[in-house]
Amino acid sequence: MGTFLGFLTYFAWAIGDIFGIYSSRKIGSFLATFYVFIAAFFVASLYVPFALNELRNITPFLLLINILFGIVVLTGNYMINEAFRTSNASLIGIIVQSFPAAVVVLSWLLFKDPITLNQAFWIVIIFFGVFLCTISLSDLKGAKFRVDRGVRLTLIATFGFTIYFTFLRIFIAKYGWFWPNYIAIASFPLAIFTIRKVFKIKEKIKLAVNKKAIVSAFLSGSMLRGGDIALNYAVAAGLTATAAPIAGASPTLFVILSSLIFKDKTSKQQIIGILVSLVGIVALSFSLSIF
């Protein structure tokens, strides 16, 4: 069962991101993000009847903080879609998938979670790969620090994801794994308002002409949140050691698919950075599950 749920998440996360990229590039990141949010909310709502018992543990204060965290992580999702729209898909996908390493470090600093030498090694490898993906060594020699806008957005979003997933444990300890994530997803109207204000978006929400892009956005939101539910169910059932490493390896499939489908231009240094980060991400995923 753990293997099945792990592979379900593996394919859902990788393919869900592919659909999201396609949609963002066809109808723009704002509209694509809106439809992804709608789909994610619908899919997550299907699980509500199974989690009603934990609803009584939510306090007004925790609810408010949970909503604020939701706005942060959903705004980060928009930033990633915008980065996917304008920049190299494989590159953006690998950089954002480095956030679990940052979560491990921040959890060690704030909550004193232990880090083994093996895990520390792979974290360093991941960060080194992200550095190669982000900063051109030739620019570094000339004291020029030019960073692609999509990469900048991704780094900011990754920071937001790191904060969200580091402190998510506080909410989970009070009212389980489902409601913290559901409340975050349900805060999408506030997130849309925030995105409009921060990024000065005047585009109206409408039924886009490109129907395939809308379907892709809905598939993206459904698959990504469906993958989340599958993995969280596996964790709750005590199947973490089997499911989590497989799910954590989803960037391997994403990089292959995005490279074949979108064929974005990638420098040799960026290719090396992607491969280095990819090895580190997969190894860290297995390491965290074992230890």
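No value in this document is a laboratory result; all are computed from the given coordinates. All figures in this text were calculated on a predicted structure; none of them were measured in a lab. No Cβ is skipped: glycine too gets one built from the backbone with ideal geometry, and neighbour counts run over all protein chains shown.
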Debye intensity ratio in log₁₀ form over the Cα atoms of the chain, taken at each q of 0.13 Å⁻¹: -0.91
Please list the non-local residues whose amide H lies under 5 Å from the amide H of SER98, H modeled 1.01 Å from N, same-chain partners needing a gap of 5 or more. none
Only helices at least 30 Å long along their own axis, judged from Cα atoms, and with Kyte-Doolittle mean hydropathy of -1.0 or greater: name those in the chain from DSSP H. 2-27, 60-86, 149-175, 211-236, 268-290
THR252-LEU117 pseudo-label distance in nm [points 7 Å out on the Cα-to-Cβ vector]: 2.7
Loop only by DSSP, 16 or fewer other Cβ within 10 Å of the Cβ. Give me the trypsin sites (Lys or Arg not before Pro) in region 119-224 that pass, ordered by residue number. LYS144, ARG146, LYS200, LYS202, LYS204, LYS206
Please list log₁₀ I(q)/I(0) at q = 0.10, 0.23 Å⁻¹ for region 109-209, using the Debye equation with identical point scatterers on the alpha-carbon positions. -0.51, -1.24
Peptides ranked, highest mean first, by Cβ atoms within 10 Å: ranges 222-235, 39-52: 222-235, 39-52
Would you work out the charge dipole size for the chain about its Cα centre, treating the Cβ of every Lys and Arg as +1 and the Cβ of every Asp and Glu as -1, and quote it to the nearest 20 debye? 1020
Can you tell which of ASP17, ASP113, ASP264 shows the greatest fluctuation in a Gaussian network model of the chain with Cα springs below 10 Å? ASP113
Are any of the pairs LYS112/LYS174; LYS202/LYS268; LYS26/LYS197 more than 28 Å apart by Cα-Cα distance, and if so, which? LYS202/LYS268
Could you tell me the distance between the Cα centroids of region 242-258 and region 67-85, to the nearest Å? 21
